[in-house]
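Where a number appears in this text, it was derived from the coordinates with a stated rule and is not lab data. Computed from a predicted model, the values in this text were never measured in an experiment. Counting neighbours? That spans all protein chains shown, and the Cβs are built from the backbone with ideal geometry, glycine included.
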Amino acid sequence: MNGPLFIGLDAGTSLTKAAVFDLAGRQLGEARRGTTLLRPHPGWSELDPEEAWQAALDVLRRVVSESGVDRSRIAGIGLTGAMVGAWVVDGEGNALRPGITWEDSRAQGWIERRLAADARFLSRIFASSGSMMQQGCTLPVLAWLAENEPEILARAAHVMSYKDFLRMRLTGLAATDRSEASVIPGSARERTRSDAMIALFGLEKFAQLLPPVMDSERFIGGLMPAAADAIGLPSGLPVAIGAGDVPATVIGAGGLATGMATAVLGTTCMVGVCHDRPVFEPADLGLLFTLPGHRWYRAMVNVAGTLNLDWAFSALAPDLAARPDRFDMMNEMIGTVPPGAHGLVYLPYLSESGIIAPVVDYGARAQFHGLVPRHDRAALFRAVMEGVAFAMRDLFDALDFAGDRVLLTGGGAQNPVWAQMIADLAGRDVHVPEGTQFGARGAALLAATAAGHFASVADASASAAGGGTSYRSDREGAAALLPALLRYRETRDRLLRPRKD
């Protein structure tokens, strides 16, 4: 085949990836490079902009050179990345300070002051954005910067998200997309930023720092010569606006059809349903993502997903952490432990920003309950995996999803034991689509749509559906987990402190 190819660049908080796809969504090559998450103060989460930029150039260069494809067939680049946060840049796209990521919680004190003055502050935001605002969203971070680093903002030309920073470095042009603009927080109904939200945060004088909003499925300029040379592609190669990582993943997994449920078991743990209208129920809970193609993704989020397993390997099994077969070894290890992990319960709230589902509790933290001497490493790992699966059951319950099939994506979806556990607990069949880089594929499909190869983003997403592995929900498996689920809920309810208006 000699058709056009498109690259998807996916910039996560700890891993930057690039992959090449054809128009059928088949992945023809990938490259990845880790980045170091910086935590200079409690609650802070930052990335070094130069390291982030070099990681992006590196994976783009290597995916072109190592995939073996004819580079003359590459017709464009699409971008996605970790959403919100704040990357403060000058007019040339040079960062003026470290990039602040979505999980940063430095703005919590500022938010608490606003709540003390107006108990409905977060509910007012939800009424516009459809999302329970996290501390790392752009507007609260910008408010913190205005108070604490005004000299930086005085030199700034733009405050943008991660992928938008990378796109500006690639093309020299500043922009953002509707998925980002509506969740900073903005307006889900209007599918863009909100002057009322900017005013609610007292940021009118800084509104000009927020870049222009454009549709995800359009091109904005092309590669500048220096970036093109570093990557090994032609100067001027079209670069698409792209979308945030959650919308791109839904698109890349083939989940853009109305009523389709897509779950993400990655660094973040999430379950959501695609709608053809913005859905604000249940109120003051979860997130609402504005998707390309005039769709919305109503989601419940536990914040920490596979991050719990990463922590478990680091803290409990450093001898296994670097082994390429560590997940096979883990599955074999937990296979010796019965469902329920001998009474051990793990709450998977492994984030300094707390949780926003099944309740909003910014103080929620991960912990084991019921630990006794007989609990060995295998039992702890079993409890961690069960705890994340139980948290996903919480998300299904909060979402009130009535369908019988769920798409499951993310690194955790590649573990058959975990996928079956989730199917049993959700009481629904789980389908893991073929492929691994769904965010990058969604970004590439947006670029292909911008190039005119698909009539719509929905058509592009549908082209990627098909293939993969299905897990049938098993009643016996669910029954075996039920006592552990009940213990989990009892422990969860003792810990969580819902926000009170």
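Extension gain for the segment Arg365 to Arg39, taken as residue separation times 0.36 nm less the Cα-Cα distance, is 115.6 nm to one decimal. Stokes-Einstein, applied to the Kirkwood radius of segment 5-247 over Cα pairs at a viscosity of 0.692 mPa s and 37 °C, places its translational diffusion at 180 µm² s⁻¹.
By the Kirkwood approach, averaging reciprocal distances over each pair of separate Cα atoms, segment 289-378 gets a hydrodynamic radius of 15.5 Å. Descending by average beta-carbon neighbour count within 10 Å, the peptides 38-45, 90-97 line up as 90-97, 38-45, the highest first.
Roughly what % antiparallel, to the nearest 5, for the DSSP beta bridges in the chain?
Bridges in the chain that DSSP calls antiparallel: roughly 75 percent.
Since only Tyr471, Ala460, Leu485 are under comparison, the one whose Cα sits farthest along the positive direction of the charge dipole of segment 450-501, derived from C-beta charges on Lys, Arg, Asp and Glu, is Leu485.
Pick out, from Ile241, Ala443, Val430, the residue whose Cα sits farthest towards the positive end of the charge dipole of the chain, with +1 on the Cβ of Lys and Arg and -1 on the Cβ of Asp and Glu. After comparing all options, I get Val430.
Spacing of the modelled spin labels on Ser456 and Asp474, each 7 Å from Cα toward Cβ, amounts to 4.0 nm. Between Asp429 and Arg155, the FRET efficiency from the beta-carbon distance, with R0 = 41 Å, is close to 0.15. Segment 415-447 and segment 81-128 have Cα centres separated by 30 Å.
Rounded to the nearest 20 debye, the dipole magnitude of segment 5-247 is 360 debye, with +1 charges on Lys and Arg beta carbons, -1 on Asp and Glu beta carbons, and the Cα centre as origin. Suppose the Debye formula is applied to equal point scatterers at every Cα of segment 129-206; what is log10 I(q)/I(0) at q = 0.18 Å⁻¹? Taking Cα atoms of segment 129-206 as identical point scatterers yields -0.78.
Each Lys or Arg adds one and each Asp or Glu takes one away; over the other residues whose Cβ falls under 11 Å from the Cβ of His369, this sums to +2. Relative to the Cα centre, the charge distribution of the chain, modelled as +1 at Lys and Arg Cβ and -1 at Asp and Glu Cβ, gives a dipole magnitude of about 400 debye. Helix-only arithmetic for the chain: the sum of -39500 (n - 2.57) across DSSP H runs with n ≥ 4, divided by the residue total, places the mean residue ellipticity at 222 nm at -11000 deg cm²/dmol.
Were the residues from Ala321 through Arg489 laid out at 0.36 nm apart, the gain over their Cα-Cα distance would be 57.5 nm. Here the Debye sum runs over all C-alpha atoms of the chain as equal scatterers in vacuum, and log10 of I(q)/I(0) at q = 0.05, 0.07, 0.09, 0.11 Å⁻¹ comes out as -0.17, -0.34, -0.58, -0.89.
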